[in-house]
Amino acid sequence: MQDILSVIQERQSARGLYDPKHRVARQDLRKILEAARWAPTAHNMQNFEIVIVDDTTVIEAIGNLTYPLSTTFIRENYQQLSFSEEELLRKKVGLPASHFPPALTTPAAARGEVTGEQENSFVGRAIKSSPVLLIVLYDPARRAPASEGDFLGIISLGCAMENMWLMAASLGIAFHVVSALSGDEVEKEVKGLLDIPVALKIAFACRLGYPVTPPAQLRVRRDLEDFTSHNHFGNREKM
Ligand SMILES: Cc1cc2nc3c(=O)[nH]c(=O)nc-3n(C[C@H](O)[C@H](O)[C@H](O)COP(=O)(O)O)c2cc1C
């Protein structure tokens, strides 16, 4: 059993390909789902459903869908990019541009001029390599009491995500959150493939498995004093 802070620090996004033949043991999957089960949720609404997909034909079909990238995504994503390790280390937030296809890292992308047909084909390949996917659903009609835009309900889904992610990390199982399944067209197709009721929404999907090559990415974080204040907002002190 690792101590909790080291699990938190070692948890990471494993975006590469997984070995589809290396299955996730059922007892490990149960522990990951158990972690979701005990996640805190607003008003203890437990506002999620999870579809476990381990049928290779269904995973293949989900992977074969088209994952379009919107101009808005491309433009706003550009703002989060760093073009060198030095830049990323200095900014302490965001992602290396090398994570993304070259077309998404040009000045034209920043100006919102990269449009239309850009497709995130890597997502499909990554999905197809996964021995198991978890599709996390919620019912937008069942919002947390008096929570505008179901802000609290959405946070609750994040709690379930993090619990599962930490459990997977502690078991040495790679985990990758995939938001692309919530895009309108893709979501409709996935819901059709999995018989998901029309009224439910896909919050996010997770790929679980064992990477072909271990993720070796520079991960940065702000320092404590970059986001904490002591007694008065803006009173930055080293903790
Ligand atoms: C709500 C949410 C949505 C995310 N969506 C994606 C996604 O669609 N694709 C992806 O590769 N990573 C996604 N991530 C992972 C983040 O990019 C990642 O956690 C962040 O860059 C920090 O890297 P780390 O997980 O390795 O610490 C998501 C994370 C969260 C919390």
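The number of residues in the range 138-184 being surrounded by fewer than 19 Cβ atoms within 10 Å (Cβ to Cβ), charged (D, E, K, R) and within 16 Å of the ligand (Cβ to nearest atom) comes to 2. If you go through the range 181-212 and keep only what is at pLDDT below 95 and within 14 Å of the chain's Cα centre (by Cα), you end up with Ser182, Gly183.
Within the range 1-32, the set of residues being of a type in the set (D, E, K, R), within 16 Å of the ligand (Cβ to nearest atom) and farther than 19 Å from Val220 by Cα is empty.
The residue pairs whose first member lies in the range 1-20 and is farther than 17 Å from Ala35 by Cβ, whose second member is among the charged types (D, E, K, R) and more than 9 Å from the ligand (Cβ to nearest atom), and whose beta carbons are closer than 7 Å, counting only pairs six or more residues apart or on different chains, are Leu17/Arg125; Tyr18/Arg207.
With respect to Ala14, determine if the residue is closer than 18 Å to Ala126 by Cβ and assigned to a helix (DSSP H, G or I). It is false that Ala14 is closer than 18 Å to Ala126 by Cβ and assigned to a helix (DSSP H, G or I).
Beta carbons closer than 6 Å, at least 6 apart along the sequence or on distinct chains, pair a first residue in the range 171-187 that is within 21 Å of Arg23 (Cβ to Cβ) and touching a residue at least 40 places away in the same chain (Cβ under 8 Å) with a second that is aliphatic (A, V, I, L, M) and near the ligand (Cβ under 9 Å from one of its atoms) for Ala174/Ala14; His176/Ala14; Val178/Ala205.
The values are calculated or read from the model by the stated rules, or taken from the named source; none is laboratory data. Since the model is a prediction, treat every value here as computed from it, not as a measurement. Note that we place each Cβ from the backbone using ideal geometry, even for glycine, and neighbour counts take in every protein chain shown.
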